[in-house]
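> Would you mind keeping the following structure in view while I ask a few things?
The values are calculated or read from the model by the stated rules, or taken from the named source; none is laboratory data. Keep in mind it's a predicted model, so treat the numbers as computed, not measured. FYI the Cβ positions are ideal-geometry reconstructions off the backbone, even for glycines, and counts take in every protein chain you see. SASA here: full protein model, heavy atoms, side chains in, ligands and nucleic acids out. Shrake-Rupley method; radii C 1.70, N 1.55, O 1.52, S 1.80 Å.
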Amino acid sequence: MQSESLPIELKYWPIKRYMDIYRHSIDEMEEFWENEARKLEWFRTWDRVLDWDPPFAKWFPGGMLNASYLCVDRHLKNWRRNKVAIYWEGENGEERALSYSQLYREVNQLASALKKLGVKDGDRVALYLPMIPELPIAMLATARIGAIHTVIFSGFSSMALADRVNDTEAKVIITADGGYRRGKIIRLKEIVDEALKKTPSVEKVIVVKRTGHEINMQEGRDIWYHEIIRDAETEVPPLPIESTHPLYILYTSGTTGKPKGIVHSTGGYLVFIHSMYKWVFDIQEESVYWCTADVGWVTGHSSIVYAPLMHGASIVVYEGAPDYPKPDRWWEIIEKYKVTIFYTSPTAIRMFMKYGEEWPKKHDLSSLTILGSVGEPINPEAWLWYFKHIGGERCPIVDTWWQTETGGIMISPAPGIGLVPLKPGSATFPLPGIDADVVDEKGNPATPGVRGYLVIKKPWPGMLMTLYKDPERYKQTYWSRFPNMYYTGDYCMKDEEGYFWLLGRADEVLKIAGHRLGTTELESSVVSHPAIAEAAVIGKPHEIKGETIVVFAILREGYSPSDELKKELRGHLRKTVGPVATPEEIYFVSKLPKTRSGKIMRRVLKALASGKPVGDTTTLEDEASVEEIKRAYEEFKKIIK
Ligand code: WT7
């Protein structure tokens, strides 16, 4: 029989095998997750697998466990105590390796210090640190005593830091004097000092000495990390934590100006990511695992800290810029530590593609077995380059789709269970237990080959519990677009064979080099500048970054357009949001294209910024008619010139 005439499931037997596992996991969802939960060590077994009071899920209620125990203590019971937990490499070439026993001691000392400062179960602790071992240590120390950490990406400005600290009402901030980036010192403590002027909840600031430059230390409030742990105890029993107690709050951008505090549970979250990382990365005892993300994002929480450490793997943590001092820094690190699993973003791959394959060629990358991609859709060219020049045509690429909200990977190839045939640019299929689908405008299953919206139809253990202090917004944002389905905000298409193709955001969220930024958030920053009356921000396609920021701004009476003003506005965005928010282009305009109801027609602006026609298809995101849009486009084209 010709292979073409075989039914798909027989032609691709790995897909059939995957489908069998998958179908069972969806049909017997609770039983399936209960089996996964048994793979962790619990102090007390759960009373029930799931309490589902839509859209609020409680996974494994009554179960007691501790994240720090699972990531550290558990490995001290056997030879792993002498295994390297963290290989750290500073940007300037410094090295530090921490065994699981050393990690245990440091985590306990900091946990003891935090307790002495009065940090209790349920208190929030803000972490604003560079990529140094103290960041995972601080997360684990906080979790050990039942406190809730909120990591704030160290590239964020003092204003963004203050907003997040205030929302969580954190008692303690753990930071460093500074960090290195491209050979320069980023003065973190100065940024914290600035934020502290408006953060009344903060009682103590613990400061790691990293760079050693002169900083301000306020008597009674600021304490050196190395001093506080010197007098600390080296053993603090891990507090048994109820499964639904929050492990952390992590802020992410949405479609309104205010960042959302994503709350993740302890039990459900840990069970979920423990399983995911086995399936997707096939973590083995000898794995050396390197995820290049910053711990400040969810990728870092799940893929650098919690999942690999629960599995007792050795992780690599690198402090600095990817191409510093030369474009082969990453490849050098892979060779040096014999990295087996490498996980990065399409933006980074595209950047290295530009530098050329001679850079990776200088290094022996034969230790690699699996490559991962995350953060935005990966274009087939970048996929193929990664496969060929980094993976030596030997390593499968796991294109992993997920979100801060989902806690862990949702759609991805899974070599740990059985690899399906890969298609460059497709994240393939949902992982077991994940009831993902693509639906049309009305919430009905979309026709294969047609773009629709990605939704999740059943709760999963890694899902966010709520938005911090805002359950209404949680309902509204994720569960109101389609009844009884979690709305991801992403466009997606399923092909004839059921493969998922992620097609970018369907809402007003931008992905700048994989960083998530809301247009409204950026717009409110722009209009907070005294010269600006009104603004619209859009994303424009970019070869390396995926998208870049373009600002259209209306000036206030008395101000006139100038290059200095543009420069000032750039600086203002960097200062109020952070360096990731630096706009590529700024246009001063006399008006903005709007619908009759006053909504900005972003399609018009997007078309103008990219020099492309607006197109004929009816828009999914704007409420304007095609005619209206075209008229606005023509009219606007003249203004902008
Ligand atoms: C958004 C979530 C959790 C990972 C880091 C980003 C986009 C993420 C992929 C992928 C296509 C992707 C989506 C998603 N995204 N991974 N493999 N293919 N798009 O987390 O900042 O919460 O952003 O990133 O648009 O909704 P995040």
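> Would you mind pulling out the separation of the Cα centroids of segment 49-100 and segment 208-252, in Å?
17 Å
> Could you pull out every one of the lysines with an alpha carbon less than 19 Å from that of LYS638, ignoring same-chain neighbours closer than 8 positions?
LYS591, LYS594, LYS606, LYS612, LYS630
> Over all distinct alpha-carbon pairs, what is the Kirkwood Rh of segment 214-257 in angstrom?
Numbers: mean 1/r = 0.0649 Å⁻¹.
After inverting the pairwise mean of 1/r, the radius is 15.4 Å.
> Just to be sure I understand the model, the point goes 7 Å from the Cα along the line to the Cβ. What's the resulting GLU634 to ARG17 distance in nm?
Each label point lies 7 Å from its Cα, and together they span 6.0 nm.
> Positive end of the dipole of the chain, charges at C-beta (+1 Lys, Arg; -1 Asp, Glu), about the Cα centre: which of PRO259, PRO445, ALA85 has its Cα farthest in that direction?
With unit charges placed on the Cβ atoms, the residue in question is PRO259.
> Follow-up. Taking the Cα of LYS83, stepping 7 Å toward and past its beta carbon, and measuring to each backbone N in segment 285-312: which are under 18 Å?
285-291, 303-312
> Quick one: length gained pulling LYS336 to LYS354 fully straight, 0.36 nm per residue minus the C-alpha distance?
Numbers: separation 18, 0.36 × 18 = 6.48 nm, distance 2.34 nm.
Separation in residues times 0.36 nm, less the Cα-Cα distance, equals 4.1 nm.
> How big is the charge dipole of the chain about its Cα centre, in debye rounded to the nearest 20, if each Lys and Arg gets +1 on its Cβ and each Asp and Glu gets -1 on its Cβ?
The dipole of the chain has a size of about 820 debye.
> Same structure, new question: Considering the zone a paramagnetic label at ALA97 would reach in this model (a point 7 Å from Cα along the Cα-to-Cβ line), which residues of segment 310-342 have amide N under 16 Å from it?
Output list for this probe position: 313-318, 333-340.
> What does DSSP give for the chain in terms of the percent of beta bridges that are antiparallel, rounded to the nearest 5? Each step should come with its number before you reach the end.
Details: 54 of 93 bridges.
DSSP beta bridges in the chain are roughly 60 percent antiparallel.
> Follow-up. Helix-derived [θ] at 222 nm for the chain: sum -39500 (n - 2.57) over DSSP H runs of at least 4, divide by residue count, nearest 500? Please list the in-between numbers first.
Details: 20 runs with 191 residues, N = 641.
When only DSSP H runs of four or more count, the value is -8500 deg cm²/dmol.
> May I ask you to give the percent of accessible area on segment 504-616 that is carbon plus sulfur, with a probe radius of 1.4 Å? Could the numbers behind the result be given before it?
Numbers: 2480 of 4960 Å².
Reported share for carbon and sulfur atoms: 50 percent.
> Show ASP177, ASP282 ordered by accessible area, largest first, where the area counts protein heavy atoms only and the probe is 1.4 Å. List each step's numbers first, then the result.
Values: ASP177 0, ASP282 45 Å².
From most accessible down to least: ASP282, ASP177.
> Another one. If the cut-off is 27 Å between C-alpha atoms, which lysines fall inside it for LYS475, apart from same-chain ones fewer than 8 positions away?
Once the sequence-local lysines are set aside, what remains near LYS475 is LYS58, LYS258, LYS260, LYS442, LYS457, LYS458, LYS494, LYS511, LYS599.
> Separate question: Rank LEU103, ILE390, SER610 by how far each Cα sits towards the positive end of the charge dipole of the chain (+1 on Lys, Arg Cβ; -1 on Asp, Glu Cβ) and give me just the farthest.
SER610
> Related question: So with the 1.4 Å probe, I'd like the accessible area per residue for the chain, rounded to whole Å².
Working: 25010 Å² over 641 residues.
Accessible surface, normalised per residue, equals 39 Å².
> Something else now. Describe numerically, in nm with one decimal, the distance between label points set 7 Å from Cα along Cα→Cβ at GLU472 and at LEU503.
3.5 nm
> So, one more: Against the empirical 2.2 N^0.38 Å scaling, what ratio does the C-alpha Rg of the chain come to?
Output field value: 0.95.
> Could you order peptides 264-271, 448-455 by the average number of other Cβ atoms within 10 Å of their residues, highest first? If you can, show how the numbers build up before the last one.
Working: 264-271: 28.4, 448-455: 18.1.
Output ranking for 264-271, 448-455: 264-271, 448-455.
> Would you work out which of ILE639, GLY489, ILE334 lies farthest towards the positive end of the dipole of the chain, given +1 charges on the beta-carbon of Lys and Arg and -1 on that of Asp and Glu, about the Cα centre?
Positive-most Cα among the choices belongs to ILE639.
> Something else: How large a share of the accessible area of segment 91-130, in percent, is made up of carbon and sulfur atoms when the probe is 1.4 Å and the other protein chains stay in place? Walk me through the numbers on the way to the answer.
Values: 620 of 1450 Å².
Carbon and sulfur atoms account for 43 percent of the accessible area of segment 91-130.
> Count the lysine pairs in segment 278-400 whose Cα atoms sit under 26 Å apart, keeping only pairs 8 or more residues apart in sequence or on different chains.
21
> Right, something else. How high is the FRET efficiency between LYS388 and SER480 when r is their beta carbon distance and R₀ equals 45 Å, given to the nearest 0.05? The partial results should precede the final answer.
Values: r = 44 Å, r/R0 = 0.98.
So, using R0 = 45 Å, E works out to roughly 0.50.
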